[in-house]
Amino acid sequence: MSFCPGCGKSDAGHESCVRPLDPPRFCIHCGRKLKVQVLPTGYVATCVRCPT
Amino acid sequence: MILDIAREQVLERGVGLDEAQTLEVLRLPDERVDDALELAHEVRMRHCGPEVEVEGIVSIKTGGCPEDCHFCSQSGRFETPVRAVRLDIPSLVEAARQTAATGATEFCIVAAVRGPDERLMAQVREGVKAIHDNVEINVACSLGILTREQGEELRDLGVHRYNHNLETARSHFGHVVTTHTWEERWETLQLVREMGMEVCCGGIIGMGETLEQRAELAAQFAALNPDEVPLNFLDPRPGTPFAGLEPVPAMDALRTIAAFRLALPRTILRFAGGRELTLGDLGARQGMVGGINAVIVGNYLTTLGRDPQEDLDLLAELSMPVKELSKTL
Ligand code: SF4
């Protein structure tokens, strides 16, 4: 099962959830909220449960 | 008409528009917006010069804020996708280094807090020192409401500018924030000035305020006379009370930029959050030739921005030199 990185839900049809200026916010493997550190020239997104 | 008055008053005499005059600019019809931007650009060139101040920002403590600013995805009171996270010192220094590599002279450390506690002050203390030791860049901070002791400590650490936004007009503030007052923000800004740090105070356009309240905010900025005003346009964030608000139409955003420059002829007027959403690529250009003289390059606190190189290329194309570090010290 995979999850939407924008809203964390598992059903299909979430193309509009992740906007171009948003980093992913949910883990695509487990749907949990990611720890996201936005940096001036990038970002780091980690799931507390899933290996990256 | 108002632009003729502004030409004589603001451009020639350097006296910013008052609240009623600013409102007249905000009410200009679409077909006059180009004229307003052109005049705002002339005012900026005459009173500030062609240089553009480039800044990068980073969040040292993201999310979990106890306050309820209705636009903010970092408030712990709303069910937003933002999860609390802290930045370690080596990553903070690296972020400053990356920012300096873009040619930026300013690096602002931001925390999602009501005001700093001792843990945050310790993190800032260590972080500012590490940046000063390793990177050639001015360090600014945005850590919320300060006590006098914290203000003194930040000044003594060499923090040269402090950001604390009024966010919106005093008459609208209660519709945006209920956990602290506009007056508390004003007091911190007075403290920052008293401490001898530069005052950076901005706002967000598009939070349900009227045009009259936009003019009121411009007048309140003018009364504060800050060194810098970062102008944000609301990016309605999922889960916040303002999630359902529409982004500011591009023409209104441009009108606001021109009006604020005419109200604040000498201030560093910075393009900040939401410009990509509201104005797109074209708007970046129009803003830069419409009164703006500073940009945040790269990403924001929780959202992404344009590629820094795109902004730097645009400045080169417009023959607007990036302000150098030596001129800011
Ligand atoms: S104080 Fe700052 S971080 Fe906290 S909710 Fe308000 S804007 Fe967001």
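Kindly check whether there is at least one residue in segment A:33-44 that is open to solvent by 20 Å² or more (accessible area, probe 1.4 Å) and more than 9 Å from chain B (Cβ to nearest Cβ).
No, segment A:33-44 contains no residue that is open to solvent by 20 Å² or more (accessible area, probe 1.4 Å) and more than 9 Å from chain B (Cβ to nearest Cβ).
Taking the residues in segment A:8-32 that are more than 23 Å from B:D235 (Cβ to Cβ) and either charged (D, E, K, R) or open to solvent by less than 40 Å² (accessible area, probe 1.4 Å) (or both) as candidates, determine which candidate is nearest to the other protein chains (Cβ to nearest Cβ).
A:R32
I'd like the full set of residues that are of a type in the set (K, R) and over 21 Å from B:V199 (Cα atoms), limited to segment B:244-291.
Those that are of a type in the set (K, R) and over 21 Å from B:V199 (Cα atoms): B:R255, B:R275, B:R285.
Go through segment B:83-118 and report how many residues are in contact with a Pro (Cβ under 9 Å, 6 or more places away or on another chain) and within 16 Å of the ligand (Cβ to nearest atom).
2
Out of the residues in segment B:244-267 that are part of a loop (DSSP other than H, G, I, E, B) and open to solvent by less than 40 Å² (accessible area, probe 1.4 Å), which is nearest to the other protein chains (Cβ to nearest Cβ)?
So the residue we want is B:V248.
For B:R7, state whether it is over 24 Å from the mean Cα position of the chain (by Cα) and within 20 Å of B:P226 (Cα to Cα).
Here the answer is no, as B:R7 does not meet what is asked.
On the basis of being in a helix (DSSP H, G or I), open to solvent by less than 30 Å² (accessible area, probe 1.4 Å) and modelled with pLDDT of 90 or more, does B:L315 make the cut?
So B:L315 passes the test.
Looking only at segment B:94-120, how many residues end up being open to solvent by 10 Å² or more (accessible area, probe 1.4 Å), among the β-branched types (V, I, T) and within 19 Å of A:Q37 (Cα to Cα)?
2
Report, ordered by the first and then the second residue, all pairs with beta carbons closer than 6 Å, sequence separation of six or more or different chains, a first member in segment B:59-82 that is farther than 24 Å from B:W182 by Cβ and open to solvent by 10 Å² or more (accessible area, probe 1.4 Å), and a second member that is more than 8 Å from the ligand (Cβ to nearest atom) and of a type in the set (K, R).
Cβ pairs passing all conditions: B:P81/A:R25.
Just for segment B:268-296: of the residues that are hydrophobic (A, V, I, L, M, F, W, C) and closer than 22 Å to B:V82 by Cα, which one is nearest to the other protein chains (Cβ to nearest Cβ)?
Step by step, filter segment B:268-296, then rank; the result is B:L277.
Could you list, in sequence order, all residues of segment B:307-329 that are more than 9 Å from chain A (Cβ to nearest Cβ) and touching a helix residue (DSSP H, G or I) at 6+ places or on another chain (Cβ under 9 Å)?
Scanning segment B:307-329 gives B:E310, B:D311, B:L314, B:L315, B:E317, B:L318, B:M320, B:P321, B:V322, B:L325.
Could you go through segment B:88-110 and let me know if any residue there is without any contact (Cβ under 8 Å) to a residue 24 or more places away in the chain, closer than 28 Å to B:D307 by Cα and in contact with a Leu (Cβ under 9 Å, 6 or more places away or on another chain).
Yes; the residues of segment B:88-110 include at least one that is without any contact (Cβ under 8 Å) to a residue 24 or more places away in the chain, closer than 28 Å to B:D307 by Cα and in contact with a Leu (Cβ under 9 Å, 6 or more places away or on another chain).
For B:L301, state whether it is out of contact with any Gly (no Cβ under 7 Å at 6 or more places or on another chain), farther than 15 Å from B:T105 by Cα and in contact (Cβ under 8 Å) with a residue 24 or more places away in the chain.
So B:L301 passes the test.
Of the residues that sit in segment B:1-35 and are part of a helix (DSSP H, G or I), of a type in the set (D, E, K, R) and touching a residue at least 60 places away in the same chain (Cβ under 8 Å), which one is farthest from B:A222 (Cα to Cα)?
B:D30
Looking at segment B:36-58, which of the residues that are outside any helix (DSSP H, G or I), farther than 30 Å from B:R83 by Cβ and open to solvent by 10 Å² or more (accessible area, probe 1.4 Å) is nearest to the other protein chains (Cβ to nearest Cβ)?
B:E51
Kindly indicate which of B:R27, B:R77 is away from the ligand (no atom under 16 Å from the Cβ) and of a type in the set (K, R).
B:R27
The values are calculated or read from the model by the stated rules, or taken from the named source; none is laboratory data. Here the structure is a predicted model, which means the values were calculated and not measured. Neighbour counts are summed over all protein chains in view; Cβ atoms, including those assigned to glycine, are modelled from backbone coordinates with ideal geometry. Heavy atoms of the whole protein, side chains included, go into the accessibility calculation; ligands, DNA and RNA do not. Shrake-Rupley method; radii C 1.70, N 1.55, O 1.52, S 1.80 Å.
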